[in-house]
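J.: Here's a structure for you.
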Amino acid sequence: MNQAVQAAAPAQKRKPKETGVPDNKKFLHPALVKNYGDWKYHDRPRPGVLHHVAHGGDEVWSVRAGTQRQMDVHTIRKLCDIADNFAEGRVRFTIRSNIEFIVSDAAKVDPLIAELEKSGFPVGGTGNSVSMIAHTQGWLHCDIPGTDASGVVKALMDELYDEFKREEMPNRVHLSTSCCEINCGGQADIAIIVQHTKPPVINHDLVANVCERPTVVARCPVAAIRPAMVNGKPSLEIDETKCMCCGACYPPCPPMQINDPENSKLAIWVGGKNSNARGKPTFMKMVASGLPNNAPRWPEVAEVVKNIIAVYKADARPWERLADWIDRIGWPRFFEKTGLPFTKYLIDDWRGSRANLNASTHIRF
Amino acid sequence: MAKKMHDTPNLDQLEDGPWPSFVTGLKDLAKDKDYVVDLLGQLEESYKTRKGYWKGGTVGVYGYGGGVIPRFTELKNEDGTPKFKDAAEFHTLRIMPPPGMHYDTGTLRQFCDLWEKHGSGLIAFHGQSGDIMFQGATTDNVQKAFDELNEMGFDLGGAGPAVRTSMSCVGAARCEQSCYDEAKTHRAVLNTFLDDIHRPSLPYKFKFKFSGCPNDCMNSVQRADMAVIGTWRDNIRTDEALAKKWFVKHGMDELVNDIVARCPTKTFQVKELSKIKGGEHISTVAVNDTHGIEINNQDCVRCMHCVNVMTGALAPGKDKGATVLVGGKSHLKIGGLMGTVVIPFIKLDTDEGVEQLVDFAQRTIEFFAENALEHERTGEMIERIGLTNFLDAMEIDVDPSMVNSPRMNPYVRTDGWDDEVAKINAKKQAA
């Protein structure tokens, strides 16, 4: 920052300390500092507990519990009390918003689990369980949401509670939700994503004042938006035959309202995985759409997700992730077994789509 | 004692059921805070109408251009006043977590105290980009909350067209699969770009993620413009005691069906001990008195499956480092993209190795800043200009590890072929 700007700043403004990412060493459990980079193996004595053994013989137990992610300070303090009274004062969070308590004594594991369960935090989410759903912001805080996130997650995790606490799936099951098609929830074995079905409704009175029109035109993946004069005002118009209702124009131009209580639907996608284990990472595929955005508990969505999980659980072999299972049984059987209709909308026609067509006689009968 | 609660018949239904309820948490906060009473009022309205009511704006802290997500209510009365006036402003501070998201309870309690004082009392561990999200503060309180967080040693993360907050896995701190010091590398890279994090001026967002092994627990391959994924070059290590222990518990059926059959390159074999061959690139270990495992590491793609199933009995080698992939992203605008291998292997166990990675990251971001179109991610830029042009600019030699297969169509002008071959041969001779 240059001197002139500093001098002009009001006296009460504090200059930030541009410290960046903090060192994690001071937050680590002492056993993790001591054995940093020197772990030998781990096992899972029971669901929700990881047991790590270092080359030198030191052991730690990590007890994993589910949280609501959007936590009030009272809940966080309760978790801190548990960490101080039943663990050793150190915790970490996983990428899926589970909390882990780390202890260096096996005798502490059972009392810690009992206290967590008593306080309403389910212990699980390890190994071949259904883990906590990757979480976006939704109506609580997002500026472009088609649905809620915390509520969808709460409603679904109530239904999947037992599968979170057990390790009975063929392999781990990662879920995500996204409250618009930008898909902040990311790739998952099963994902729930908003799918708009109608073009945006434009408030022509506001476009000229609110939207940078060339930016909006450039944002459209199918070039369906063009500048236009409407009622004597500069605005935008949409070629509705081209528009595929992705909603990409809405963030830069809120007067192009894409969200619609009736016509913004939910779609289910399956078979995404990030890990390189066995096959290469995979993108997930759409297998259902048209589900209603039915707050507060989204029962239609829960039914489809639970059904896919149940069929996968019954049919997949050990270590088959959802994508591996479908690779073995094939897509026709996936739709047959889940009872989901295979519609023409599930045949890809986006760029590169020919690679998704079956150019062989590999067909299961 | 706060003002009277609004009726929330929809949200009330999210207090039922066994999973921890964020609604119950919000109601606890609402006992003391009018702010949260009105937040619940607006959220209930969203549940009723199935619409969102927040819009963005411009709120920040002194000295930075990003890192705060401003939210102003759009739910207005007919006279233009906010319908829920106490929650008319509900901004979020994105704060960068320590690598691996480790905390002591003292720090968490300090977070709680300051956010109870300056904010709504709602904190998310963590957002999808990895930030600790301090959700809900008025414009006036954003600076106060930031000053206290900053004095604690925490700093704002990225938002907008900036280098974004990064994530790294639990890694070397508590995982036997870790192939480099994720936390050290994470900090070395991110803290090089503080200006690009705090003062958004890139064509679009740029994300780094750090996973310690190919299990990629940070989902970096499809979520990061630059994914640094740990791997190794030498042989899988073995431990006979743990291998035999595993076999006693799991037996031959599981060894054959769950590991041999699932090895993607079929390099993992089970043989009678007398038929197992040794060799420079071969890992072997007995599982009982008659049978053992033989892995030809030259055919192994480091997928992690057998190492995951037989943790400890099999382990990553000692010549560890990382693969760097560039260009992963989600749907907007051209569809989801995976990262592409750009550096097949880089050693990260010395300061020089980490500096090399930092240098590559700097040159990548410089190139991105100069060449990407507005709102174009790195992966889209590479798709538009072609990988070889990007590699040329980065001064990286092409490598067959970067592709699934060579070109499948003849539509390419190859009159520079002889020169390229000469260059490659000259490099080989010089090496």
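The values are calculated or read from the model by the stated rules, or taken from the named source; none is laboratory data. This structure is a prediction, so every number in the text was calculated from the model and none was measured. Please note: Cβ atoms are built from the backbone with ideal geometry, for glycine as well, and neighbour counts cover all protein chains shown. Side chains are part of the model used for accessible areas, which takes the heavy atoms of the whole protein and leaves out ligands, DNA and RNA. Shrake-Rupley method; radii C 1.70, N 1.55, O 1.52, S 1.80 Å.
J.: Just to be sure I understand: with springs between alpha-carbon atoms less than 10 Å apart, which residue in A:Val311, A:Val123, A:Val152 has the highest mean-square fluctuation in the Gaussian network model of chain A?
T.: Maximum fluctuation in the GNM of chain A, among the listed residues, is at A:Val311.
J.: If you don't mind, another one. Does the protein assembly as shown classify as rounded, prolate or oblate by the C-alpha gyration tensor (a ≥ b ≥ c root eigenvalues; a/c under 1.5 gives rounded; else a/b over b/c gives prolate, otherwise oblate)?
T.: Taking the square roots of the gyration eigenvalues as a ≥ b ≥ c, the protein assembly as shown is rounded.
J.: Also, quick follow-up: Can you show me the helix-derived [θ] at 222 nm for the protein assembly as shown, built from DSSP H runs with n ≥ 4 at -39,500 (n - 2.57) apiece and divided by the number of residues, rounded to the nearest 500. Walk me through the numbers on the way to the answer.
T.: Values: 23 runs with 239 residues, N = 796.
Calculated at 222 nm, the ellipticity per residue is -9000 deg cm²/dmol.
J.: Anything over 24 Å Cα to Cα? Flag those among B:Lys275/B:Lys320; A:Lys78/B:Lys33; B:Lys277/B:Lys318; B:Lys244/B:Lys275; A:Lys40/A:Lys165; A:Lys40/B:Lys318, in the order listed.
T.: Checking Cα-Cα distances, B:Lys275/B:Lys320; A:Lys40/A:Lys165 exceed 24 Å.
J.: Using per-residue counts of other Cβ atoms within 10 Å, averaged over each peptide, order B:15-22, A:108-115 from highest down. Mind showing how you got there, number by number?
T.: Details: B:15-22: 19.2, A:108-115: 16.9.
Highest to lowest by the protection proxy: B:15-22, A:108-115.
J.: Could the peptides A:317-329, B:199-211, B:119-131 be put in order, highest first, of the mean number of other beta-carbon atoms found within 10 Å of their residues?
T.: By packing density, highest mean first, the sequence is B:119-131, B:199-211, A:317-329.
J.: Moving to a separate point now. If you build a Gaussian network model of chain A, linking Cα atoms that sit under 10 Å apart, which residue out of A:Ser62, A:Ser176, A:Ser131 swings the most?
T.: A:Ser62
J.: By the 4.7 Å beta carbon criterion, which cysteine residues of chain A come out unpaired?
T.: Cysteines lacking a close Cβ partner in chain A: A:Cys80, A:Cys142, A:Cys179, A:Cys180, A:Cys184, A:Cys220, A:Cys243, A:Cys245, A:Cys246, A:Cys249.
J.: Taking the 0 to 90 degree range and rounding to the nearest ten, how far is the long axis of helix A:109-118 tilted relative to the main principal axis of chain A, both from C-alpha atoms?
T.: The answer is roughly 50 degrees.
J.: While we're here: On a straight-distance basis, which lysines could pair with B:Lys205 in a cross-link, Cα separation under 24 angstrom, same-chain partners fewer than 8 positions away excluded?
T.: Of all the lysines, those that pass the test against B:Lys205 - Cα under 24 Å, at least 8 places apart if same chain - are A:Lys17, A:Lys273, B:Lys55, B:Lys184, B:Lys329, B:Lys333.
J.: Inside 10 Å of the C-beta atoms of B:155-163, what's the mean count of C-beta atoms belonging to other chains?
T.: 1
J.: Out of B:Met226, B:Met167, B:Met402, any idea which swings most in a Gaussian network model of chain B, alpha carbons joined below 10 Å?
T.: B:Met402
J.: Still on this structure: Local charge sum around B:Arg71 (other residues, Cβ-Cβ under 9 Å, Lys/Arg +1, Asp/Glu -1)?
T.: In short, -1.
J.: Please compute, for peptide B:5-18, the average count of beta-carbon atoms on other protein chains lying within 10 Å of each residue's beta-carbon.
T.: 4
J.: Let me ask something else. Which of rounded, prolate, oblate describes region A:24-118, given a ≥ b ≥ c as roots of the alpha-carbon gyration tensor eigenvalues and a/c under 1.5 marking rounded, otherwise prolate only if a/b is larger than b/c?
T.: Numbers: a/c = 1.81, a/b = 1.53, b/c = 1.19.
Prolate.
J.: Does chain A come out rounded, prolate or oblate, given a ≥ b ≥ c as the square roots of the eigenvalues of its C-alpha gyration tensor, rounded meaning a/c under 1.5 and, failing that, prolate meaning a/b above b/c?
T.: Oblate, because a/c is 1.5 or more while a/b does not exceed b/c.
J.: Measuring from centroid to centroid over Cα atoms, what is the spacing of region B:352-430 and region B:328-344 in Å?
T.: 15
J.: Over the whole of A:88-96, what's the average partner chain Cβ count within 10 Å per residue? Rounded to a whole number, please.
T.: Partner Cβ neighbours, averaged per residue: 6.
J.: Let me ask another. All other residues with a Cβ under 12 Å from the Cβ of A:Glu262 taken together, and with Lys, Arg as +1 and Asp, Glu as -1, what is their net charge?
T.: +3
J.: Related question: Taking the full set of protein chains and a 1.4 angstrom probe, give the accessible area of B:Val221 in square angstrom, rounded to the nearest 10.
T.: Answer for B:Val221: close to 10 Å² accessible.
J.: Could you tell me the calculated FRET efficiency between A:Glu300 and B:Ile424, based on Cβ-Cβ distance and R0 = 56 angstrom, to the nearest 0.05?
T.: 0.45
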